[in-house]
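Chemist: Below is one structure. I have some questions about it.
The values are calculated or read from the model by the stated rules, or taken from the named source; none is laboratory data. Everything numeric here is computed off the predicted structure, so don't read it as measured data. Neighbour counts run over all protein chains shown; Cβ positions are idealised from the backbone, glycine included.
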Amino acid sequence: MPVHSTLDLSGDSLLYADPAEVQRLRDPLVAEQVQLLARHHPYYRQVLAGGDPGQVRGVADLDRLPVTGKQDFLADPEAFRLAPPDRLPVEERTLAYLIYTTGTTSGAPAPLYITTSDDWAYLLHARRCARMLGLESTDVIANLFPLTPFPMGARIRADRTAAAVGASIFQGHTGRGSAAWPVHRRLDEAIDLVLAHRATVLWGVAGFVRRVLIRAAERQLRLPSVRWCFVTGEATSDAGLDDLRARLSAVGAPQARVANRYGSTEGWSMIACADGHGWHNPTPELVHLAVVDPVTHQPLPDGETGLLLISHLRARGTAFLRYAVGDLVALTRQTCPSCGRTAERIVSQPVRTKDLVKVNGTLVNLGVLGDALVDLPGVAEYRVILDHRKPGDTFSGDGILVEFAPVAGADPDPVASAVRERIRELAHLTPQVRVAAADEIYDPAADAKPRRLIDRRPTG
């Protein structure tokens with residue numbers, strides 16, 4: 001449906017508008033989307049059968065709808081693809097491309113269908129993100145996401161962002177090689193391209209960008225043209241961001257900034273205008289955010305931490321309503337003191353619900369444990385492994401093994417002692433520590449992102 005508003009949707013005025021005006025814009029979009037999905041979306045047609053979708057007249061009525069879990073989507077991704085009626089414009093009915101997210105019950109990645117209008121929506125979203133960050137048409141982006149068998153959403157969206165602002169972009173094309181299709185590059189070859197093209201932006205999974213900077217320092221290379229690192233794909237703490245800044249400085253880019261984007265394949269990216277001020281929703285007319293109690297699914301007021309829900313307001317391919325990606329966050333709709341934007345923003349470090357587990361009876365945030373060593377001097381790569389002290393024996397108690405690779409030239413013994421002490425502080429357990437090769441812990445040629453924490457304890 002056409003969007004009628006006095007606001008200039010091609011620019012950023014919507015992000016500074018009175019929230020009541022934004023809600024007046026959103027309300028008919030919500031009503032139209034719910035009606036459309038109730039009739040033509042396999043999953044929501046079934047879920048909403050017997051109800052009255054007409055009762056959902058706007059944002060305030062979204063709470064009438066049930067929460068959709070990530071496992072609902074992963075169990076049957078095809079059921080989340082809208083079957084668009086012929087009355088919709090051709091761009092809303094035409095498939096443009098597919099991207100994938102991980103974790104279906106079969107083990108295969110789940111497809112997300114992107115129509116032409118969905119792609120145009122993302123171009124608008126990307127343009128607003130770029131303006132928030134200061135990305136310009138003169139920038140040269142190094143797309144450092146791996147070339148994977150299933151097209152990775154982040155890799156394709158980096159390309160679409162370059163298209164949205166007219167920036168140049170090139171592909172690192174690292175990842176697991178194929179004997180039949182010899183098109184992948186080694187890590188050093190990707191770094192050589194960064195040098196050759198004088199990249200101004202390094203964009204990739206945080207752990208891989210970190211490896212690029214470590215390897216560049218080992219080769220005594222200088223990357224003075226780099227002014228930005230865009231990292232995504234895994235949770236990155238303040239310590240992790242500081243580590244990236246230090247490594248940028250070590251390769252001759254001390255003024256470079258690090259943008260930690262929060263998002264998901266299903267829910268797009270939220271952007272921080274400045275450190276410490278949360279992540280903004282750049283397109284409130286396309287994506288609605290809400291927070292509910294994780295158990296009761298009752299809405300929570302601003303500032304309280306709960307389960308993040310995402311609703312697509314104009315999606316025409318794969319579409320979600322009140323979709324829980326699995327993160328606990330706090331939202332606010334107060335004006336941002338840093339930039340003056342009024343659109344909703346996430347104001348707490350997201351925590352994955354699956355990351356809150358008991359270790360020897362103590363509740364531990366695995367995200368914190370997995371990020372524990374990122375800024376420890378002398379550590380190049382690492383992973384933390386949870387298992388029973390006697391593997392397979394559930395009565396033997398929980399144990400922790402830390403494997404780490406020291407930076408080139410570092411004495412591993414004092415580093416191992418520092419590793420042991422850092423983990424003891426966080427988990428109240430003394431870990432076993434083992435020195436390993438960096439590629440044994442995280443091989444960029446085989447894995448899209450590092451697995452910082454592995455829980456081998458049986459579930460159930």
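Chemist: At pLDDT below 95 and farther than 23 Å from residue 43 by Cβ: which single residue out of 325, 357 fits that description?
Modeler: Residue meeting the stated conditions: 357.
Chemist: Only one of these is within 30 Å of residue 353 (Cα to Cα) and small (Gly, Ala, Ser): 69, 50. Name it.
Modeler: 69
Chemist: Working only within segment 231-250, note down all residues that are more than 11 Å from the chain's Cα centre (by Cα), surrounded by 22 or more Cβ atoms within 10 Å (Cβ to Cβ) and within 16 Å of residue 199 (Cα to Cα).
Modeler: Within segment 231-250, just 248 meets the criteria.
Chemist: Quick check: is even one residue across segment 416-425 surrounded by fewer than 13 Cβ atoms within 10 Å (Cβ to Cβ) and in contact (Cβ under 8 Å) with a residue 24 or more places away in the chain?
Modeler: No, there is no match, as no residue in segment 416-425 is surrounded by fewer than 13 Cβ atoms within 10 Å (Cβ to Cβ) and in contact (Cβ under 8 Å) with a residue 24 or more places away in the chain.
Chemist: May I pose another question? Would you point out which residue out of 67, 59 is under 21 Å from the mean Cα position of the chain (by Cα) and among the β-branched types (Val, Ile, Thr)?
Modeler: So the residue among 67, 59 that is under 21 Å from the mean Cα position of the chain (by Cα) and among the β-branched types (Val, Ile, Thr) is 67.
Chemist: Do we find a residue being among the acidic types (Asp, Glu), modelled with pLDDT under 85 and under 14 Å from residue 204 (Cα atoms) anywhere in segment 237-257?
Modeler: Scanning segment 237-257 turns up no residue that is among the acidic types (Asp, Glu), modelled with pLDDT under 85 and under 14 Å from residue 204 (Cα atoms).
Chemist: Hey, among the residues in segment 437-460 that are surrounded by 15 or more Cβ atoms within 10 Å (Cβ to Cβ) and small (Gly, Ala, Ser), which one's modelled with the lowest pLDDT?
Modeler: Filtering segment 437-460 for residues that are surrounded by 15 or more Cβ atoms within 10 Å (Cβ to Cβ) and small (Gly, Ala, Ser), the one modelled with the lowest pLDDT comes out as 448.
Chemist: Only one of 64, 127, 87 is free of Cβ contacts under 8 Å to residues at least 60 places away in the same chain, surrounded by fewer than 13 Cβ atoms within 10 Å (Cβ to Cβ), out of contact with any Cys (no Cβ under 7 Å at 6 or more places or on another chain) and not small (Gly, Ala, Ser). Can you tell me which?
Modeler: 87
Chemist: Could you look through segment 199-213, keep only residues that are in a strand (DSSP E or B) and in contact with a Cys (Cβ under 8 Å, 6 or more places away or on another chain), and pick out the one that is farthest from residue 145 (Cα to Cα)?
Modeler: The extreme case among them is 201.
Chemist: Name the residue, out of 417, 396, that is modelled with pLDDT under 90 and among the hydroxyl-bearing types (Ser, Thr, Tyr).
Modeler: Selected residue: 396, the only one of 417, 396 that is modelled with pLDDT under 90 and among the hydroxyl-bearing types (Ser, Thr, Tyr).
Chemist: Looking only at segment 130-155, count every residue that is more than 18 Å from residue 199 (Cα to Cα) and touching a residue at least 40 places away in the same chain (Cβ under 8 Å) and tell me the total.
Modeler: 8
Chemist: Of these, 162, 196, 216, which one is loosely packed, with under 15 Cβ neighbours inside 10 Å, assigned to a helix (DSSP H, G or I) and not basic (Lys, Arg)?
Modeler: That would be 196, the only listed residue that is loosely packed, with under 15 Cβ neighbours inside 10 Å, assigned to a helix (DSSP H, G or I) and not basic (Lys, Arg).
Chemist: Please verify whether residue 251 is hydrophobic (A, V, I, L, M, F, W, C), in contact with a Lys or Arg (Cβ under 7 Å, 6 or more places away or on another chain) and not assigned by TED's automatic domain parsing to the domain that holds residue 21, treating the condition exactly as stated.
Modeler: In short, yes.
Chemist: Let me ask you something else. Quick check on residue 159: is it under 26 Å from residue 217 (Cβ atoms) and either among the basic types (Lys, Arg) or not assigned by TED's automatic domain parsing to the domain that holds residue 450 (or both)?
Modeler: Judged against the criteria, residue 159 is not a match.
Chemist: I would also like to ask the following. Does any residue of segment 41-56 turn out to be under 30 Å from residue 338 (Cβ atoms) and in a helix (DSSP H, G or I)?
Modeler: Checked segment 41-56: no residue is under 30 Å from residue 338 (Cβ atoms) and in a helix (DSSP H, G or I).
Chemist: Report, by residue number, each residue of segment 126-162 that is within 15 Å of residue 190 (Cβ to Cβ) and of a type outside the set (D, E, K, R).
Modeler: The answer is 140, 141, 142, 143, 144, 145, 146, 147, 148, 158.
Chemist: I'd like the full set of residues that are within 25 Å of residue 213 (Cβ to Cβ) and in a loop (DSSP other than H, G, I, E, B), limited to segment 172-190.
Modeler: 172, 173, 174, 175, 176, 177, 183, 184, 185, 186
Chemist: Please work out which one of (1) crowded, with 21+ Cβ neighbours inside 10 Å; (2) touching a Ser or Thr at 6+ places or on another chain (Cβ under 6 Å) is the condition residue 225 fails and give its number.
Modeler: Single failed check for residue 225: (1).
Chemist: Among the listed residues 258, 287, 292, identify the single one that is in contact (Cβ under 8 Å) with a residue 24 or more places away in the chain and either touching a Ser or Thr at 6+ places or on another chain (Cβ under 8 Å) or of a type in the set (Gly, Ala, Ser) (or both).
Modeler: That would be 287, the only listed residue that is in contact (Cβ under 8 Å) with a residue 24 or more places away in the chain and either touching a Ser or Thr at 6+ places or on another chain (Cβ under 8 Å) or of a type in the set (Gly, Ala, Ser) (or both).
Chemist: May I pose another question? Taking the condition under 13 Å from residue 321 (Cβ atoms) and either among the basic types (Lys, Arg) or without any contact (Cβ under 8 Å) to a residue 24 or more places away in the chain (or both), does residue 71 pass?
Modeler: no
Chemist: Filter segment 360-393 down to the residues that are modelled with pLDDT under 70, in a loop (DSSP other than H, G, I, E, B) and closer than 15 Å to residue 429 by Cα and list them by number.
Modeler: 360, 361
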